[in-house]
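> There's a structure below that I have some questions on.
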Amino acid sequence: MALRILVAEDEARLAAQLAKALEDGGYAVDCAADGEQADFLVHTERYDLIVLDLGLPKVDGLTLLRNWRGSGIAVPVLILTARGSWHEKVQGIDGGADDYVAKPFRMEELLARVRALLRRASGFAQPELRCGEVVMDPATARVLVRGEPVRLTSHEFRVLLYLMHRQGKVVSRTELSEHIYAQDADRDSNTVEVFIGRLRRKLGVPVIETLRGLGYRLCCDR
Ligand code: CA
């Protein structure tokens, strides 16, 4: 999913492991090491999912979560809870979390939960994302067109993933570049056009529409 994830975790080593695993999974990732920074980023950037440690310095995760939900921020949130702390899970879910993983956890489990939350957020019940003859499996990063595998670069994959999650909707170049690059990357909406061009050639089926002055739309019902 060409989607952006915020990792709010103060344990530097775990945060780095999470960021690496999520980036390898094709997501753009930003990290926040305390509650204030996480709150700032959530109010200034657009995320598709937040991985939130409840035990954060400055402002704790549960307070953040309640504030976000209270102010109408509906981004899916996966909380990280301390081992064996059942009351944290209950409070977290009551506070508006969509799912939780208890520490210590296997990275594979966290990634599977992230994929499931993102799928649900965009209305897919199946693990595969489909658009006409294009089938995409975010778990294995495989893309098939008419059953034949297509090799995409990580940026092309991110673009397609984002469009898949917004199929039928108009996505502007700016929105696309915001969701495929991490916060500190040099965002250039002109390169989006290049990725789209390559993606169209590689897919070979006319699923990506250009809407002059507006952006792109993935059309799957033809
Ligand atoms: Ca912590």
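The values are calculated or read from the model by the stated rules, or taken from the named source; none is laboratory data. Because the structure is predicted, anything quoted here is derived from the model rather than measured. Every residue, glycine among them, receives a Cβ derived from its backbone with ideal geometry; neighbour counts consider all protein chains shown. All accessible areas refer to the heavy atoms of the entire protein, side chains included, with ligands and DNA or RNA removed. Shrake-Rupley method; radii C 1.70, N 1.55, O 1.52, S 1.80 Å.
> Order GLU23, GLU148 by their accessible area, 1.4 angstrom probe, all chains in place, largest first.
Listed by decreasing accessible area, they come as GLU148, GLU23.
> Of GLY55, GLY132, GLY147, which is the most mobile in a GNM of the chain whose springs link Cα atoms less than 10 angstrom apart?
Result: GLY147 has the largest fluctuation of those listed.
> Taking a probe of 1.4 angstrom, what is the accessible area of ASP94 in Å², to the nearest 10?
About 130 Å², ignoring ligands and nucleic acids.
> Name the shape class, rounded, prolate or oblate, that the alpha-carbon gyration tensor gives for the stretch 1-71, where a ≥ b ≥ c are the square roots of its eigenvalues, rounded holds for a/c under 1.5, and otherwise prolate holds if a/b is larger than b/c and oblate otherwise.
oblate
> Could you tell me whether the stretch 4-122 comes out rounded, prolate or oblate from its Cα gyration tensor? Rule is a ≥ b ≥ c as square roots of the eigenvalues, rounded for a/c under 1.5, then prolate if a/b exceeds b/c, otherwise oblate.
rounded
> For CYS131, CYS31, CYS219, what's the largest-to-smallest order of accessible area, 1.4 Å probe?
CYS31, CYS219, CYS131
> Report the residues of the stretch 92-107 in range of a label on THR63: point 7 Å along Cα→C-beta, backbone N strictly under 19 Å from it.
92-97
> For the chain, modelled as a GNM with alpha-carbon contacts under 10 angstrom, which of HIS43, HIS165, HIS155 fluctuates the most?
HIS43
> Work from the charge dipole of the chain (Cβ charges, +1 for Lys and Arg, -1 for Asp and Glu, about the Cα centre) and give the residue of ALA112, LEU161, ALA28 farthest towards its positive end.
Toward the positive end, the furthest listed residue is LEU161.
> Among bridges DSSP assigns within the chain, what percent are antiparallel (round to 5)?
That works out to approximately 50 percent antiparallel.
> Skip the ligands, DNA and RNA, and give the accessible area per residue of the chain with a 1.4 Å probe, whole Å².
Result: 49 Å² of accessible area for each residue.
> Please report the projected area of the chain's Cα convex hull averaged over all directions, in nm². Could the numbers behind the result be given before it?
Numbers: hull surface 48.5 nm².
If you wrap the Cα atoms of the chain in a convex hull and average its projections, you get 12.1 nm².
> Also, quick follow-up: Charges only on Cβ, +1 for Lys and Arg, -1 for Asp and Glu: so what's the dipole of the chain about the Cα centre, in debye to the nearest 20?
Numbers: 31 positive and 32 negative charges, 200 e Å.
Using only the charged Cβ atoms, the result is roughly 960 debye.
> Within the accessible area of the chain, what % is carbon and sulfur when the probe is 1.4 Å and the other protein chains stay in place?
The C+S portion of the solvent-accessible surface of the chain is 49 percent.
> Give the lysines reachable from LYS89 as a straight Cα distance under 22 Å; neighbours fewer than 8 places away on the same chain don't count.
LYS58, LYS103
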